[in-house]
Amino acid sequence: MSTICVTGASNGIGKATKDLLESRGHAVIGVDLRGTDISADLSNVEGRQTAIDGVLSACGGRLDGLAQCAGVNGMGGIDLTVKVNFFGVMALASGLREALSKGTNPAMVLVSSNSTTMTPGLPVEDGLFYLSHTEEECIERFQGRGWMTYPAGKLAVAFWVRMNAVKPEWLGAGIRVNGIAPGIVDTQMTQQAATNELTKAAFEQIPIPINRWGQPAEMAEPIAFLLSPASSYIVGQTIFADGGIDALLQPTAHPHPLPPLN
């Protein structure tokens, strides 16, 4: 079976993904702050290198899949949100790309969020800013803008998937890249945001057509699917697993036809 790395593996979506993949016979290398195979802090350069070195050692330099589920909810400060949710993800993608290129039917799945399309007033430019600026510049950009750092970073993740999946170093090397965009999922991270006085009212106003929060296991299933050969013709997509929220709020968002040729 496959050898797959899952970040954020000690709780929430990451743990559910690790458990599901292991139940199907895969060898899973978990990465998190604590409580799994490799302890590493993805908010800093040293921790990211620790994670990369640990994974490469554990897989012998050959990796079949990478599910990047590690993330923070945006309430731990702008610095942490920028560093973990985008730059930590990018560091592992870069550091493990060569190992993935040596794998069998290799695939990488990144976790975005449906906050990318349901946050009022989120500028596209905020997401694009992440893609061409340093951590320090991104942290400076979001000073005084609080939680907006979170959806902007997740938007950058979705943009990155779309823009890079078809490039020579990814698809050209045989590595399929896709993403998922979870909605409100019943995890410790979400519970913290949903009960905080600053964000509680916003959570209560979110319409969920399926009339319930999602479960971590319901996110693990599409992640496992995108890592598997069953999704072999899916490239550069972000699947919304949000109980219908995105469809309700943006019923005509897709498809967007190309503009007329000049």
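Throughout, read-outs are computed from the coordinates displayed, never taken from laboratory work. Note that the coordinates shown come from a computational prediction; the quantities given were computed from them, not determined experimentally. Every residue, glycine as well, gets a Cβ built from its backbone with ideal geometry; the counts of neighbours run over all protein chains shown.
What is the Cα radius of gyration of the chain over 2.2 N^0.38 Å, N being its residue count? List each step's numbers first, then the result.
Working: Rg = 17.5 Å, N = 262, 2.2 N^0.38 = 18.3 Å.
Computed over Cα atoms of the chain, the ratio equals 0.96.
Could you pull out every whole DSSP H run in the chain that spans at least 15 Å of Cα extent along its own axis and averages 0.0 or higher on the Kyte-Doolittle scale?
45-59, 89-101, 149-164, 216-227
List the residues of the stretch 208-247 whose backbone N lies under 14 Å from a point placed 7 Å from the Cα of SER23 along the Cα-to-Cβ direction.
Residues 215-225 qualify, since their backbone N sits under 14 Å from the label point.
Under 8 Å for C-alpha pairs, at least 6 residues apart: give me the relative contact order for the chain, rounded to a whole percent.
Working: 481 pairs, mean separation 54.0, N = 262.
Computed over the chain, the figure is 21 percent.
How big is Rg to Rh over the stretch 106-240, alpha-carbon atoms, Rh as the Kirkwood inverse-mean-distance radius?
My calculation of the ratio gives 0.99.
Per 0.36 nm of contour for each residue apart, how much would the distance between GLU46 and THR104 grow if the chain were fully extended, relative to their Cα-Cα spacing?
Contour length minus Cα-Cα distance gives 18.0 nm.
Counting only trypsin sites (Lys or Arg not before Pro) that are in a DSSP loop and have at most 13 other C-beta atoms within 10 Å, tell me the longest site-free stretch of the chain.
Free of exposed loop sites, the longest segment is 35-144.
What is the stretch 93-204's relative contact order, in percent, from Cα pairs under 8 angstrom and six or more apart in sequence?
37 percent
Once you sort the root eigenvalues of the Cα gyration tensor of the stretch 118-162 as a ≥ b ≥ c, which label holds: rounded (a/c under 1.5), prolate (a/b larger than b/c) or oblate (the other case)? Before the final figure, lay out the partial values.
Numbers: a/c = 2.06, a/b = 1.06, b/c = 1.94.
It comes out oblate by the Cα gyration axes.
What FRET efficiency comes out for ARG34 versus GLU125 if R0 is 35 angstrom and r is the Cβ-Cβ distance? Round to the nearest 0.05.
Calculated transfer efficiency: 0.45.
Given 10 °C and 1.306 mPa s, compute D for the stretch 48-155 with the Stokes-Einstein relation, Rh being the Kirkwood radius over Cα pairs; round to the nearest whole µm²/s. Don't jump to the answer; show the numbers that get you there.
Numbers: Rh = 14.7 Å.
For these conditions, the coefficient is 108 µm²/s.
So if I take the alpha carbon set of the stretch 187-256, get Rg, then get Rh from the Kirkwood formula, what is the Rg over Rh ratio?
Expressed as Rg/Rh, it is 1.04.
Using modelled amide H (1.01 Å from N, peptide plane; none on Pro or chain starts), what sits under 5 Å from the amide H of VAL185, excluding residues fewer than 5 places away?
Close amide H contacts, sequence-distant or interchain: GLY214.
So which GluC sites (Glu not before Pro) in the stretch 187-250 are both in a DSSP loop and have at most 16 other Cβ atoms within 10 Å of their Cβ?
GLU197
Go ahead and set up a Gaussian network model of the chain, Cα springs under 10 Å, then flag whichever of PRO216, PRO123, PRO151 fluctuates most.
PRO123
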